[in-house]
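To start, the structure itself, in structure tokens.
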Amino acid sequence: PDTLLENELFGHEKGAFTGAGQQRKGRIESAQGGTLFLDEIGDIPLALQVKLLRFLQDHEIQRLGGKDTITVDARIIAATNIDLQGAINSGRFREDLYYRLRGVELEIPSLRERLEDFQDLLEFLIKKHAAIHHVKPKKVQTQLIEVLKLAEWKGNIRELDNFAEVITFLL
């Protein structure tokens, strides 16, 4: 819900809503002096986009139920998998927020568009999961790699990561 996301980003004061028994800092305030990564920025509701824009412009926030503004020095890095220009055109994303966020834009091609990285990524992810599960990482056969490259990998690296965890035990 919108209010849950707002609370997560901006925090709340004691008594701001039922169950708010104590003051809580939000993610933005907790990022003081550092960087906050906002994933799927294109899914943030319009009302919350206004508050985020205000923070980006003034470096100030207000906790839910709060009267005072709090100055926060934090960088924002945002990511999305939607076409923000299309979202702006359809009225789902604020153009002013887009330009405020768009200091440096990096477009990362989908996994199926950069198959030259596939084997290195898969081997890295298998080693990661082998370490987590305390098993010895196994080598992936070249033939299997070539077959896997034919898949669509719509979930990109997240899908490959889940797959790597499964095959860590199968190889």
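The values are calculated or read from the model by the stated rules, or taken from the named source; none is laboratory data. Treat the numbers as computed from the prediction; the structure is a model and nothing was measured. Don't worry about glycine lacking a Cβ; one is built from the backbone with ideal geometry, like all the others, and counts go over all protein chains shown. Note: accessible area is taken over every heavy atom of the protein model, side chains too, but ligands, DNA and RNA are not part of it. Shrake-Rupley method; radii C 1.70, N 1.55, O 1.52, S 1.80 Å.
When restricted to residues that are open to solvent by less than 40 Å² (accessible area, probe 1.4 Å) and touching a residue at least 40 places away in the same chain (Cβ under 8 Å), region 79-99 contains 5.
A count restricted to region 78-92 and to residues that are modelled with pLDDT of 95 or more, outside any helix (DSSP H, G or I) and more than 21 Å from Arg27 (Cα to Cα) stands at 3. Say whether the condition of being farther than 21 Å from Ile157 by Cα and not charged (D, E, K, R) is met by at least one residue in region 106-122. No, the conditions are met nowhere in region 106-122.
Among the residues that make up region 45-52, is at least one of them touching a Phe, Trp or Tyr at 6+ places or on another chain (Cβ under 9 Å), outside any helix (DSSP H, G or I), among the hydrophobic types (A, V, I, L, M, F, W, C) and surrounded by 11 or more Cβ atoms within 10 Å (Cβ to Cβ)? Within region 45-52 (the criterion being touching a Phe, Trp or Tyr at 6+ places or on another chain (Cβ under 9 Å), outside any helix (DSSP H, G or I), among the hydrophobic types (A, V, I, L, M, F, W, C) and surrounded by 11 or more Cβ atoms within 10 Å (Cβ to Cβ)), the answer is no, since none of the residues qualifies.
So, in region 1-18, of the ones that are open to solvent by less than 80 Å² (accessible area, probe 1.4 Å) and of a type outside the set (Asp, Glu), which residue ends up farthest from Gly66 (Cα to Cα)?
As a first pass, look at region 1-18 and keep what is open to solvent by less than 80 Å² (accessible area, probe 1.4 Å): 5-13, 15-16.
Next cut, of a type outside the set (Asp, Glu) only: 5, 7, 9-12, 15-16.
Numbers: Leu5: 16, Asn7: 12, Leu9: 14, Phe10: 10, Gly11: 9, His12: 7, Gly15: 10, Ala16: 8 Å.
Per the stated criteria, the residue is Leu5.
When we screen Ile126, Ile88 for residues that are of a type in the set (A, V, I, L, M) and in contact with a Ser or Thr (Cβ under 8 Å, 6 or more places away or on another chain), the only hit is Ile126. Any idea which residue in region 133-157 is surrounded by the fewest Cβ atoms within 10 Å (Cβ to Cβ), counting only those that are closer than 16 Å to Leu171 by Cβ and touching a residue at least 12 places away in the same chain (Cβ under 8 Å)? Among residues in region 133-157 that are closer than 16 Å to Leu171 by Cβ and touching a residue at least 12 places away in the same chain (Cβ under 8 Å), the one surrounded by the fewest Cβ atoms within 10 Å (Cβ to Cβ) is Lys139.
Annotation note: Cβ proximity below 6 Å between a residue of region 1-30 that is modelled with pLDDT of 95 or more and of a type outside the set (Asp, Glu) and a residue that is crowded, with 19+ Cβ neighbours inside 10 Å and in a loop (DSSP other than H, G, I, E, B) (sequence gap 6+ or interchain) occurs for Leu9/Gly26; Phe10/Gly26; Phe10/Arg63; Gly11/Gly26; Gly11/Arg63; His12/Arg63; Ile28/Val72. For region 19-30, a residue qualifies if it is surrounded by fewer than 18 Cβ atoms within 10 Å (Cβ to Cβ) and either within 17 Å of Thr80 (Cα to Cα) or under 15 Å from the mean Cα position of the chain (by Cα) (or both), and exactly one does: Arg27.
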